[in-house]
Amino acid sequence: MIDSRDKISERIKEAREWKGLTQVYMANYLKVARQTYLDLESGKTEPKVRLLSEIADVTERPITWFIYGDQGCDTIAAEYKEDMDKLMRHFSRLPHSARNIILQHSTQMAGFMVEYTRALTKSHQKAG
């Protein structure tokens, strides 16, 4: 499950500090105002996919780590890193409206899968 904006912002700060980079460096690297970057680290603003992808690149952390944390990140990153990176580059080039539609559909699909899995699990528990 995707972590909250606060968790993602904590990971952005953690990755920056782990890499030994300053907030000013990050803002310059990302081509955003320093305050914009501070808002990302404080959780005031949620990062767009393009920015999160660039943060992942500069901090050498898999993008999935920022979103999901350590749970399954290494497995996902190792097995699908190249494909995920390619997908994220293409996704970040789409118009904002198209990204929103894709995210809405993906969220709905994920919600469906969670509910389906719960129902299936309950069904198996009752049968067993």
What is the distance, in nm, between label points placed 7 Å from the Cα along the Cα-to-Cβ direction at residue 21 and at residue 113?
2.9
Between residue 13 and residue 85, Cβ-based FRET efficiency (R0 22 Å, step 0.05) works out to 0.45
If you place +1 on the Cβ of every Lys and Arg, -1 on the Cβ of every Asp and Glu, and leave all else neutral, what size is the dipole of the chain about its Cα centre, to the nearest 20 Debye?
400
How much of the accessible area of the chain, in percent, comes from carbon and sulfur atoms when a 1.4 Å probe is used?
55
With the other protein chains left in place, how much accessible area per residue, in square angstrom, belongs to the chain at a 1.4 angstrom probe?
71
I want the local charge near residue 19. Using Cβ-Cβ distances under 14 Å, sum +1 for each Lys or Arg and -1 for each Asp or Glu among the other residues.
-2
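The values are calculated or read from the model by the stated rules, or taken from the named source; none is laboratory data. Keep in mind the model is a prediction, meaning the values are calculated, not measured. Note that we place each Cβ from the backbone using ideal geometry, even for glycine, and neighbour counts take in every protein chain shown. What goes into the accessible areas is simple: the full protein's heavy atoms, side chains included, and nothing from ligands, DNA or RNA. Shrake-Rupley method; radii C 1.70, N 1.55, O 1.52, S 1.80 Å.
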